[in-house]
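Comments concern the structure below.
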Amino acid sequence: MLNYTCAGLFSGGGGLDLGFEMAGFSHLYSSDWDKDCIATLQKNRPDWNVIHADVRSFCSPVNNVDVLLAGFPCQGFSLGGNRDESDERNSLFNEVVRIAKQSNARVVVIENVLNLRNMRNPKTGRLFITDIASAFRSAGYEVFSDFLRMSRYGVPQTRRRFLFVAFRERAPVGYSLPVGSGEQSARPFLNDLAHGLKLEIPNHAPIWNFPSQVHHATGDSFNSSDPIFPVRFSRTASDGNPLRSLDAPFPAVDTATIWGWAQGSIRVERVFVDRGKHAKFIRNRSATHKLWRITASRLRSFTDREYARLQTFPDSWAFEGLTKRSVHIQIGNAVPVEFAHRLAFNIKEALMALDSCSSFESDLGGPCQLSLNVA
């Protein structure tokens, strides 16, 4: 089998790069401008060529790469970010095109938030997805794009992402983006950590204590066999019930929402509150002054490892960062590793079809299994 190569721009916490490595791609380099992301990559893969650079002044250190990975920043498009059409980061796809041409990339992968599909570029008046596809077509690429729900690709969350896969000159006959299957529940990824098992892993130091102006841990006695439920602690003015189940895909992990656990005499209700005292929890000025309130014998927030499990990072992947917020952003902004793994196999099959002058016949041939060390 041919040995294909990959290189990463905007590598962040490493999800996309790691997934391609797991699928057998030879790693050429990863790059990012954030020092904490660089520290994470160097910590986990000291043999990788990790480059600290601003993409706007970056030049590829190699002239030929099979797959260029580029999940450029989503903050300008995301509901969790500033959602600003004029955010200068929205146009960084042009740097991806430049580097793709410079490195003779055979395939380019771009992943971003779903909202990318309905925002317009103020400079052109066209949808950003139109401008991105047009830029790659002008550079000689055939472009495929669609939005995908991660829970259909072995990822235990409802996260939806927009994906571009661009082939230099042409894709193999019959090519299609990865095809999803059944929904992945969260229980296999979180249940053991919720019950205090496997504590000796990176970024996991659970403490049953969650001080809050809204939620309340009573400290009352409870039975250790009482069920433990995942709960949303932030965005308490939301209409969505904060009590969730592990037997379904988890809500999308992002960098703004705080999740945790509740156990013992759990009660969830909406209560009227004083706006002055709770103003930071109420985003909509016209909203009824009600907040979701969770009461239970004990409460705790998710550890970074629990968030990383939902992003399907293996337990061996340790996140570095000067602050807890930095680690949370690396995890929340990452491409889920299992999705990246499946996408990598899809693209490898496409490259093999091109190199053998044959048609693309399958997108994977069965689900991948990552070594996640989960029950």
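Residues that are closer than 21 Å to Arg235 by Cα and in a loop (DSSP other than H, G, I, E, B) within the range 201-217 comprise Trp208, Asn209, Phe210, Pro211, Ser212, Gln213, Val214, His215, listed in sequence order.
A quick yes/no check of all residues on (1) farther than 30 Å from Arg300 by Cα; (2) buried (at least 17 other Cβ atoms within 10 Å of the Cβ); (3) charged (D, E, K, R):
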| position | (1), (2), (3) |
| --- | --- |
| Ala133 | yes, yes, no |
| Ser145 | yes, yes, no |
| Arg159 | no, yes, yes |
| Ala171 | yes, yes, no |
| Ala217 | no, yes, no |
| Asp220 | no, no, yes |
| Ser234 | no, no, no |
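Look at Thr257 and say whether it is closer than 30 Å to Ser221 by Cα, at pLDDT below 95 and of a type in the set (S, T, N, Q). For Thr257, the condition - closer than 30 Å to Ser221 by Cα, at pLDDT below 95 and of a type in the set (S, T, N, Q) - is met. Picking from residues in the range 236-270 that are assigned to a loop (DSSP other than H, G, I, E, B) and of a type in the set (Asp, Glu), the one that is surrounded by the most Cβ atoms within 10 Å (Cβ to Cβ) is Asp254. Among the residues that make up the range 183-200, is at least one of them part of a loop (DSSP other than H, G, I, E, B), closer than 14 Å to Ile294 by Cα and at pLDDT below 95? Within the range 183-200 (the criterion being part of a loop (DSSP other than H, G, I, E, B), closer than 14 Å to Ile294 by Cα and at pLDDT below 95), the answer is no, since none of the residues qualifies.
Yes/no per residue for (1) over 30 Å from Ser265 (Cα atoms); (2) modelled with pLDDT under 95:
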residue: Ala279; (1), (2): no, yes
residue: Ala308; (1), (2): no, no
residue: Gly321; (1), (2): yes, no
residue: Gly332; (1), (2): yes, yes
residue: Val337; (1), (2): yes, no
residue: His341; (1), (2): yes, no
residue: Glu349; (1), (2): yes, no
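Provide a single number: the residues in the range 24-47 that are assigned to a helix (DSSP H, G or I) and of a type in the set (S, T, N, Q). The qualifying residues number 3. Counting only residues that are assigned to a helix (DSSP H, G or I) and within 14 Å of the chain's Cα centre (by Cα), the range 306-342 holds 16 of them.
For the range 5-15, check the following and say yes or no: at least one residue is outside any loop (DSSP other than H, G, I, E, B) and surrounded by fewer than 24 Cβ atoms within 10 Å (Cβ to Cβ). Checking the range 5-15: at least one residue is outside any loop (DSSP other than H, G, I, E, B) and surrounded by fewer than 24 Cβ atoms within 10 Å (Cβ to Cβ).
The values are calculated or read from the model by the stated rules, or taken from the named source; none is laboratory data. Note that the structure is predicted; figures quoted are calculated from it, not measured. Positions of Cβ are backbone-derived with ideal geometry, glycine not excepted, and every protein chain shown enters the neighbour counts.
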